[in-house]
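Every number here is computed from the coordinates shown, using simple stated rules; none is lab data. On a predicted model such as this, the values are computed, not experimentally measured, just so you know. Virtual Cβ from ideal backbone geometry, glycine too; neighbours counted across all protein chains shown.
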Amino acid sequence: MEYEVNIGIEIHAELLTKSKVFCSCPVQFGAPPNTLTCPVCLGLPGALPVLNKKAVEYAILTALALNCKINRNAIFHRKNYFYPDLPKNYQISQYDTPIGIQGYLEIETSNGRKRIRIRRVHLEEDTGKLIHSGGRITGSDMSFVDFNRSGVPLLEIVSEPDISSPEEAKEYLINVRDILIFLGVCDGKMEEGSMRCEANVSIRKKGSDKLGTKTELKNINSFRAVERALQYEIERQVELVSRGKEVIQETRHWDEKNEKTVSMRSKEEAHDYRYFPEPDLVPLEIDDAWIENLRSQIPELPEEKYERYKNLGLTPYEAKLLAHDLELSIFFDRAIKLYNNPRNIANWLLVDVTKELKDRNKAITQTLLTPEIMAELLLLIDEGKISGRIAKDILPELIDKGVSPKKIIEEKNLIQITDTSALLSIIDQVLKENAGVVEEYKRGKEKSFMYLVGQVMKLTKGKANPKLVNELLKKALG
Amino acid sequence: MELADLTAHELLELISKKELSPQEVVKSCIDRLERYESKIKAYLFIRNPEEVINSVKEDAPYSAIPIAIKDNILVKGLPNTCASKILANFIAPYNATVIERLNKRSFNIMGKTNLDEFAMGSSTENSAFGPTRNPWDIERVPGGSSGGSAASVAIGSAIWALGSDTGGSIRQPASFCGVVGLKPTYGTVSRYGLVAFASSLDQIGPITKDVTDCALLYSFINGYDPNDSTSLNIKPYIYSPLKGDIKGIKIGLIRELLGEGVDPLVKRCMEDVVKTFEDLGAVVEEVSLPHISYSVPTYYILAPAEASSNLARFDGVRYGFRASGKTAEEMMSNTRGEGFGPEVKRRIMLGTYVLSAGYYEAFYLKALKFRNLIASDFRKVFERFDVLISPTSPILPFKLGEKVENPLEMYLADICTIPINLAGLPAISIPCGFVDNLPVGLQIIGPVFSEAKLFEVAYGFEQATPFHKKRPQLGGITNGV
C-alpha cells in the first residue's frame, strides 16, 4: 500500500518591533525577569490595550510578501483559556478576520517547483514564560512566571496541508524564515524561540480525496527537528494504518532526546476558546493607500534575488546560497557595482570568505571586510599584481583589520614579480642548484618540472607570477 | 443646612468670596462621616481625616470639595477591592485616567465607595463587605451598583462622587438616593483604570447634588485618552454656566417604559414631570421604540459574555486573594471558587455559556443584532425629538433582602437604564418627586455627544422644581437602627 502525506505548518514569529503589541514596554531579550512590564502586559485590573501600528505594518508586509489578500477590516478577538503564563487568561488574537488570507509560497522540491497555499497570517500577543524549579514541570514544587515576553507581538502564519514530505516542510520553513529576515520583521532564530513551529500531519492512501486523521506536533525547535519529527510521525502513522489500526486525533510532543513523538492530550479534552470580538479595541481599518505604501517598501526577496543572480551567470547552486543569505547578498550586490565579475565575487564569498566567517562564527557585517576591499583585492589579482595564493593569505587580515589590500602588499612587499629579467636570474640559479632534477626532467619525468616551479616560488616567497614562471622555465629547459 | 448639604458650585463660590475657609467643608463632610457612616456604610475605605484636611490647598479650590470614588476606579496607593474578596488586599499600583485628570485640579479624595461586587447588581447588596443603606430610609437599598457613591453624596460625607454605569449603575442609585447621576456617551470618558465589567458598556460618570455640579465634574473627566482605544478623539465638553431655557424643545416620552411593571406612584410622578415640561414651553409627545423591550435579555447575554472574559484575570497568580491548591490549575480554581460571590459566579457562568461553541450564534450573535436594532430605534426617534424621557427606575427603592432571592426580578428592574448603555447614549437622572419620602428619578436621554443639551434640559426642570433642594432626614437614622 502506498501512502500520501499531508503536512500543514503553523509558524509563530516574534516581531522585531521596538515596543510590545499593546503597550509601550520594550521588546528585548535577556533582561532580568519581570523588568519589562506594565499594567497592560501584566493584565492588571483596569488596564487597556492600545495597538502598536508598527506591529500591524510588519504583519501587512509579511502577508503581502506571502502573496496574501489583506482584510480591509481586520478585527481582534479574545481567545479565552486559563494558564498561569497568560496574564489576562485570554489572549488577544485574531479569529475570522485575520490581517492576511489566501496567500501562497513557492518552494523547490525534488519534483520541481511547488506552490504551498497559506491560509492566514494574523497578529497576536505572546504569553509570559513559566520557569519551574528543578527545570521541569513534573515533580517541580514551585513555578515562577516571567512576563517580559508577555505582549511581544507574534505573527502566526498558517499553511494549508499542501506539504508532502519532511524535506518539503523544511524547505517551506526555510523560505518563510528567509522572507521574515529579508523583510526585517523577525530574526528567525528557531533555537532561541523567536520563530516557533507546529506541524499537523496526516496520511492517506494514494489517490484518496479525503484527508486522513491528523496529529499535531509541538516542541519542534530547530530545522533539523522539523524533518526528524515529521519523519518519525509519518512512519508511526503508516505503521498504525498498515496494521489496520486508526490514527487518533491528538497533540503529540517531539521528544528531542529520544527522537520520538509522545502523546500530550487527545482532542476530547480540547479547549473551547470562546472567541469573541475584543471590545477594548476598535476594528483595524486598512486602506489601499496604506497597503500600497507598504508594498512599495518590500525589499527584493530571496526568490527574486535567485533569478537575478542566475541571470548574472551564477550557477543555480551559487545563486541560491547567496540569495538566501541576506547579509552576503547585500555585500555581493554592492561589490558587483565596484567589480564587474559576479562569478568571481560569488566564488570568493561562498568559498574563502565563508570559510573565514565560519572559523570566526561571525556574519560578514560583524567583520571589517567591505565590498570596496573585496573589489580592490580581486582587481589586484586580475592586474597580475598579486597571485591568488597571496590574496588568500592576506584575506584573514582584511577581514579582521579592514585595511586596504594595496597597502598590505606594499608594506609586506608582496607585489608579484613580473619582471622577466629578475625571474630569469632566479630560474638560472634554481637550474644550477638542481642539476640532478633537470636531468630527470629531460629524461621524461614530468613531475620534476613542478618541483622546479616550486623552487622558484620558494625563492621568490610566492611572489613570482606563476604563469610567467611556467613559460620562462619551459623555455630555459629548452 | 450645614456646609455638607451644599453643592460644590455653591461652596466654591463661598470660598472664592472668602466667606468660608476651605478646610471647613472637609470638616463638615468628616463630621457627617463620623455621625452616619456606621449606619450607611457608603465606604469601603476612608482616608485618614487629618490627611484629607491637610490635602486642602489654598490655591486649589477643588481640594476643598471632598469627592468619593467608587471602589472599582483605581487610585494609586489606595485599596481597590471592587467589593470582592478576590481583591480584598489589592492596592492600586497606578491611577485611572479620570483620577489623573482630577489630580491636575488637586481634587481631594475622601475614600473609596461600596458597590455590588465588580459592579454587578442594582442594590449594593452584592458587596462582599456588606450592603450600603439608603440615607432616605436605612431599611432600603441605595440602588446599585454605585450605591456607595450615591449614598455618600446624599448624606454629605462627600460633596460629589464618581461612579460607573454599565446598565444603570450610576443613574439608578442616583434616583434611589435623590441625587443627580450622568451616564456619559460611550467613549467620552476614559475607561483606563476602571476595573472592567462589560467593556463595551462601561462608562465612568459623576454623581452630584444638582445638575450644575454634574456638568462641572463631567467637564473635568471627559475627553480623549490615548490609553483607551475606545475613547473618542472629539472636541470635549467644556463647562459654561447653564441657562435652562427649554422653550420649544421636543421631548419624547417612551411608551414602553411606562407600561407593565412600573409602579403606579412612579407613573404619577411622570405625569407631573410632563406637566412641568409643558409649563416650561417644551412639547412632550409619546413615542415608541419597538425593540426596547428586548433590552434586558440582550444585555444579560452581552454583559455577562464580556464579564466572563474580563474577570478571568482574577486567578491568584499575580495579585489579590490566593487560595491553596496542589497544582496551579487547582489553585486558580479554588481562588475563583472562594474569591467570587454568588452573583459574580452566576454571571460568569452565563457569559461562559453564551460564548461556548454551539451557542455563540444562537445567543451572542443574536444579542449583537438586537443591540443594533435597539440603537437604530433610538437614532430614528432622535430625528424627531431633542431628548427622550422615562423614569430612571420603574420601582421605588426597595427593602434590603427583598429581591435577593429573585435575581430575575432585580434584572427586570433595570429596563429603563439598560437600553441607553446598549445604544451608547448619554442619559442623566435627576430627582423628580418623592413618594412617601422616597426619591423618584427622571431619566433624560439624548443622542450621542448631547451632554450639553442634557444639562440644559435637566437644569431647566431642576430650576422649576424643589426636589434637588431636599435632603434626607438624617436625624431619623439613629432611631432606625
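Summary of computed values
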item	result
Inter-label distance for B:Glu402 and A:Ser164, nm, one decimal - labels placed 7 Å from Cα along Cα-to-Cβ	7.7
Per-selection metrics, chain B (Cα): Rg and Dmax in Å	21.0, 70
Alpha-carbon Rg/Rh ratio, for segment B:374-472, with Rh computed the Kirkwood way	1.01
Those residues of segment B:45-72 whose amide nitrogen sits under 15 Å from the label point placed on B:Lys18, 7 Å along Cα→Cβ	B:58-59
Local electrostatic count, A:Leu424, Cβ distance below 12 Å [Lys/Arg +1, Asp/Glu -1]	-2
Segment B:171-259: trypsin sites (Lys or Arg not before Pro) falling in loop per DSSP and having at most 16 other Cβ within 10 Å	B:Lys243, B:Lys247
Over chain A, equivalent-ellipsoid semi-axes from the Cα gyration tensor in Å	57, 28, 22
Pairs from B:Lys380/B:Lys470; A:Lys129/B:Lys326; A:Lys257/A:Lys305; A:Lys54/B:Lys366; A:Lys260/B:Lys326; B:Lys104/B:Lys380 whose Cα-Cα separation, in the structure shown, is over 32 Å	B:Lys380/B:Lys470; A:Lys257/A:Lys305; A:Lys54/B:Lys366; B:Lys104/B:Lys380
Contact order relative to length of segment B:168-209, as percent, for alpha carbon pairs under 8 angstrom and 6 or more apart	45
Centroid-to-centroid separation of segment A:132-198 and segment A:69-85 [C-alpha atoms, Å]	18
Whole-number Å³ per residue for the convex hull built on Cα positions in segment B:82-238	103
Over the protein assembly as shown - Rg/Rh using Cα atoms and the Kirkwood inverse-distance radius	1.16
Calculated FRET efficiency for the pair A:Asp187/A:Arg295, C-beta based, R₀ 22 Å, to 0.05	0.45
Rg(Cα)/(2.2 N^0.38 Å) for segment A:348-478, N = residue count	1.27
Debye-sum result for segment B:1-43 in log10 I(q)/I(0), which assumes one identical scatterer on each alpha carbon, at q = 0.14, 0.23 Å⁻¹	-0.35, -0.76
Approximate spin-label separation A:Lys310-A:Val262, in nm, with each point projected 7 Å along Cα-to-Cβ	4.5
Dipole in debye (nearest 20) - segment A:56-178, about Cα centre, beta carbon charges: Lys, Arg +1; Asp, Glu -1	300
Distance in nm between pseudo-label sites at A:Glu411 and B:Lys345 (7 Å out along the Cβ direction from Cα)	8.1
Segment B:385-404 versus segment A:432-478: alpha-carbon centroid distance in Å	114
Distance from segment B:312-364 to segment A:354-411 (C-alpha centre basis), Å	65
Ratio of Rg to Rh over segment A:221-296 (Cα coordinates, Kirkwood Rh, two decimals)	1.24
Modelled FRET efficiency - R0 22 Å, A:Leu379 with A:Lys401, Cβ distances, 0.05 increments	0.70
Nearest-0.05 FRET efficiency for A:Val238 and A:Asn347, computed from C-beta distance (R0 41 Å)	0.40
Normalised alpha carbon radius of gyration of segment A:200-249 [divisor 2.2 N^0.38 Å]	1.19
Estimated [θ] at 222 nm from DSSP helical runs (n ≥ 4, -39500 (n - 2.57)) normalised by residues in the protein assembly as shown, nearest 500	-11500 deg cm²/dmol
